[in-house]
Amino acid sequence: TLAISGAPIASTNATITRSYALWSQGLTRLDAGVYNDGGGLKHARVTTGSVSAGSTALVTITWGTAFADANYTVSASVVEATTSSLSISIVHVESQTASAVTIRVINNAVGSLTGTVNCIAIHD
C-alpha cells in the first residue's frame, strides 16, 4: 500500500524547488482505472453506422468490464470527414447502465453519413 498525504515539507538543510507529492518521469500504470477499460475511467470509439439524412440513430457502447454501478459521467463527441458544417452530431446521452451507455446522434446533412463516436466515462 502506498499513501501520499501531501507535498514534501522542507526541513533543516533542505530546499524544495518543486513540491510535487509524486512525479513519474516514465511509463506509469495505475490499475485503478487510467486505461481504456479500467474501474474508474473508460474510453471507447465506435462507429455510428450509416445514418440517413435528417435522421437520428442510437449508438451503444458496451464496456468490456462493467463499472461498479451507473454513477459515472459521460463525455462524447463524433468525428465525421465531411467538410460541411452540416454533419453528424451528438444529441444527448439516452441511457447508461453499469455495463453500457447509449448515445443518440443526428445527421443534419443532405445525404447518409457514417461517423465515429469517441466516448470517455469517469466514475463518480
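Just give me the residues in the range 94-124 being under 16 Å from the mean Cα position of the chain (by Cα), of a type in the set (Ser, Thr, Tyr) and not in a strand (DSSP E or B), in sequence order.
Within the range 94-124, 97, 99 meet the criteria.
Go through the range 52-81 and give me each residue that's of a type in the set (Gly, Ala, Ser), assigned to a loop (DSSP other than H, G, I, E, B) and over 13 Å from residue 109 (Cβ atoms). Full working, then the answer.
From the range 52-81, those of a type in the set (Gly, Ala, Ser) are 52-55, 57, 64, 66, 68, 70, 75-77, 81; that's our starting set.
Imposing the further condition that a residue be assigned to a loop (DSSP other than H, G, I, E, B) reduces the set to 52-55, 64, 66, 68, 70, 81.
Result: 64, 66, 68, 70.
Right, residue 64: at pLDDT below 80 and open to solvent by less than 90 Å² (accessible area, probe 1.4 Å) or not?
On the way: at pLDDT below 80: no; open to solvent by less than 90 Å² (accessible area, probe 1.4 Å): yes.
Considered against the rule, which asks whether it is at pLDDT below 80 and open to solvent by less than 90 Å² (accessible area, probe 1.4 Å), residue 64 comes out as no.
Taking the range 21-46, which residues are open to solvent by 100 Å² or more (accessible area, probe 1.4 Å) and either modelled with pLDDT of 80 or more or not in a loop (DSSP other than H, G, I, E, B) (or both)?
45
The values are calculated or read from the model by the stated rules, or taken from the named source; none is laboratory data. This is a predicted model, so every value here is computed, not measured. Positions of Cβ are backbone-derived with ideal geometry, glycine not excepted, and every protein chain shown enters the neighbour counts. All accessible areas refer to the heavy atoms of the entire protein, side chains included, with ligands and DNA or RNA removed. Shrake-Rupley method; radii C 1.70, N 1.55, O 1.52, S 1.80 Å.
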